[in-house]
Amino acid sequence: MFRSWIVIVLTNFAFVESAIVVPRINNGNGYQLEPSKDGYVLSIRHPDGTSWREETVKEIAPGELEVKGTLNQAFEGQGGNLVVIYEAGRNGYVAKYTYDGTGKPTPPPIFPFFLSPKFLMSAAG
């Protein structure tokens, strides 16, 4: 009798639909999370309205997610706008981007970091 219960329990787990449990959030500060039947939609907006991100996540098969999104980042100091469109799923991760503007965004300065040969020898043992 105990074996039949195990088979019934395992059968129930095998045929239960998986569900993504996501809370509904809309806080008025530019952050919104909306659940749907098979995923969710995330929207994040900068308070000044110049930059935003939207992402949609759907469960296309049990345990398999598909993510699609757009990121819009304004570079006011350089007079430009970066748009990244991305997708992740069965085919891996694909991102496409465009940059429109008069100037190039300036990356933060990178300071060289050097290690002496004596330090490297002492770290190796």
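The values are calculated or read from the model by the stated rules, or taken from the named source; none is laboratory data. What you are looking at is a predicted structure, and each value in this text was computed from that prediction instead of being measured. A quick note on method: Cβ atoms are made from the backbone with ideal geometry, for glycine too, and the neighbour counts reach across all protein chains shown. Heads up: the accessible areas ignore ligands, DNA and RNA and are worked out on the full protein's heavy atoms, side chains in. Shrake-Rupley method; radii C 1.70, N 1.55, O 1.52, S 1.80 Å.
Summary table below
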| item | result |
| --- | --- |
| Qualifying residue in region 70-77 (condition: open to solvent by 70 Å² or more (accessible area, probe 1.4 Å), within 13 Å of the chain's Cα centre (by Cα) and modelled with pLDDT of 90 or more) | no |
| Selection count, region 36-54, where residues are exposed (fewer than 15 other Cβ atoms within 10 Å of the Cβ) and assigned to a strand (DSSP E or B) | 1 |
| Tabulated pairs, region 27-38, first of a type outside the set (D, E, K, R), second surrounded by 15 or more Cβ atoms within 10 Å (Cβ to Cβ) and modelled with pLDDT of 85 or more, C-beta under 7 angstrom, 6+ apart or interchain | Gly30/Ile44; Gly30/Arg45; Tyr31/Ile44; Gln32/Ser43; Leu33/Tyr40; Leu33/Leu42 |
